[in-house]
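Some notes on the structure that comes next.
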DNA sequence: CAAAAATCTTAATACAATCTTGATAACCCC
DNA sequence: GGGGTTATCAAGATTGTATTAAGATTTTTG
């Protein structure tokens, strides 16, 4: 499983440095120099990590942070040329997970990224729910001790929902991550496969306990 | 609710500085200058936060970190005089949540503590009014601890009003943001959905405390 | 390489949630 | 009290969802 990262940074030199660095760690990347665009991307896709420069041209990084925290808990590491105490406090209180000042070393940034991912996954990711057990290494799932077979699509949907357990994922977010960009606007794909998935993992597929429907929005994995 | 913090720091001047700082934030404190003792305390009590100096006399802070991470996920912020990259990477990879180098400012430390606590609790920015709690990240609402279900339209209206809490939003402003441009001049849409929303979130829907009507203008969310 | 199996796509249907609409009653300010 | 505004309700319309199955496609197997 490759992790998705978004880089919001308008200094192209730094952007390309970050890209090289993260690519070497097998991140799947997207980059933008604009805060507005960054927010748009974040609202339509899910990410495992965001690197955010505070000094953007169009929109203050601080505002980007405040906005995105209204709907996502994705780990955000703020990168900034400003080392002033007030900037750090503001960013951290606006929901940044960490704050690192330019110039920084590649090793330290990577270590802080690992720490942020670890903390985030520790709180969210569960590989067990009800009597269903998931072994992500073996890609193996069992229910009540009985192994079950999920197709690739079903497995991808389940892991995506699980990775964002508790949150609603829109049809388009699911489509983008599981099928790809060009499937936007085809919610019926998601419905059919969520139905088959429920048949396999729910005790009573007609009244699902785990994969909940949010009418008009999408699906949510119920972490309770 | 007072939070429990443990300070492991052998420089008494720094220790007393940290104590004063955390006490001012209503932390309940315990301190030790020894790594061994620190581990013992941690094994017999639960804490919400650990501040750990790397440069201890008896046991390397690094070792303390490795040991305690074998059984607890308590947020640990490492405080160190060593600013070397290798030290930071080691500590973060050994399970530190954050790493801050002396000298540091009180404000920054407190902000990093808040960030660490927030991440650990999986806590997101929750909005609250009366006994209604909103988790905008999970798109989840509860009233008096009981989860309640809002339709997409109701949720959108509520978030819009909340975003502009205290200000009046005209019918047309609400229509534009929730329904779209072509619904201008249909205040009855807003009325019906505000009514159902009040039924769900107000203690007494007939005399609303939160969503106030501004006759002839629109609605206002009462932030008091 | 061809046959078989598995999986996905698509469309159709039944069903459920939500919204729209209009009617009626209540409110409120002059 | 009257005109304008608002609240409430519920039936009907609309939109969104679950489920099924047939055919298309891909993958696996012999």
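Just so you know, all these numbers are worked out from the coordinates, no wet-lab data involved. This one's a predicted model, so the numbers in the text were calculated from it and none came from an experiment. For neighbour counting, all protein chains shown are included, and Cβ atoms are generated from backbone atoms with ideal geometry for every residue, glycine included.
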_Between 0 and 90 degrees, rounded to the nearest ten: what's the tilt of helix B:35-44 against the longest Cα principal axis of chain B?_
50 degrees
*So for the pair residue B:3, residue A:66, with labels modelled 7 Å out along Cα→Cβ, what separation do we get in nm?*
2.3 nm
*Show that you can apply the helix-only estimate: for chain A, add -39,500 (n - 2.57) for every DSSP H stretch of four or more residues, divide by all residues, and state [θ] at 222 nm to the nearest 500.*
-13000 deg cm²/dmol
_Give the average, rounded to an integer, of partner chain Cβ atoms located within 10 angstrom of each Cβ in A:191-199._
0
_Ratio of alpha-carbon Rg to the 2.2 N^0.38 Å globular estimate for the stretch B:147-223, to two decimals, please._
1.00
*Could you give, in nm with one decimal, how far residue B:199 is from each other copy of that position, shortest first, with labels 7 Å out from Cα toward Cβ?*
3.7
_Share antiparallel - DSSP beta bridges, the protein assembly as shown, percent rounded to 5_ = 50 percent
*Given a cut-off of under 8 Å on Cα pairs at least six residues apart, what relative contact order in percent is computed for the stretch B:1-81?*
34 percent
*Calculated P(r) tail over 15 Å for the stretch B:169-214, as whole % of Cα pairs*: 44 percent
*When each copy gets a label point 7 Å from Cα toward the beta-carbon at residue B:101, what are the spacings between them in nm, shortest first?*
0.9
*Dividing the Cα convex hull volume of the protein assembly as shown by residue count, how many Å³ per residue is that?*
173 Å³
*asked:* Please report the spacing between the Cα centers of the stretch A:1-33 and the stretch A:91-119 in Å, no decimals.
replied: 14 Å
*asked:* For residue A:131, project a label point 7 Å along Cα to C-beta. Then give me every residue of the stretch A:137-177 with its amide nitrogen under 19 Å of that point.
replied: A:141-150
*Relative to the longest principal axis of chain B, what angle (0 to 90°, nearest 10) does the C-alpha long axis of helix B:152-163 take?*
70 degrees
*Starting from the Cα gyration tensor of chain B, multiply each eigenvalue by 5, take the square root, and state the resulting semi-axes largest first in whole Å.*
50, 17, 15
*Between residue A:26 and residue B:30, what FRET efficiency follows from the Cβ-Cβ distance if R0 is 45 Å, with the result rounded to 0.05?*
0.60
*With each pseudo-label sitting 7 Å past Cα toward Cβ, what's the residue B:102-residue A:37 distance in nm, one decimal?*
4.5 nm
_If neighbour count is taken as other Cβ atoms inside 10 Å, put B:146, B:14 in order from fewest to most._
B:146, B:14
*Tell me, what is the percent relative contact order of chain A, built from C-alpha pairs under 8 Å that lie six or more residues apart?*
13 percent
*In a Debye calculation with equal point scatterers on the alpha-carbon sites of the stretch A:100-170 and no solvent, what is log10 I(q)/I(0) at q = 0.16, 0.19, 0.24 Å⁻¹?*
-0.70, -0.85, -1.09
_chain A: angle of helix A:187-201 to the longest principal axis, Cα-based, in degrees nearest 10_ = 60 degrees
*Please order A:171, A:28 by the number of other Cβ within 10 Å, starting at the fewest.*
A:28, A:171
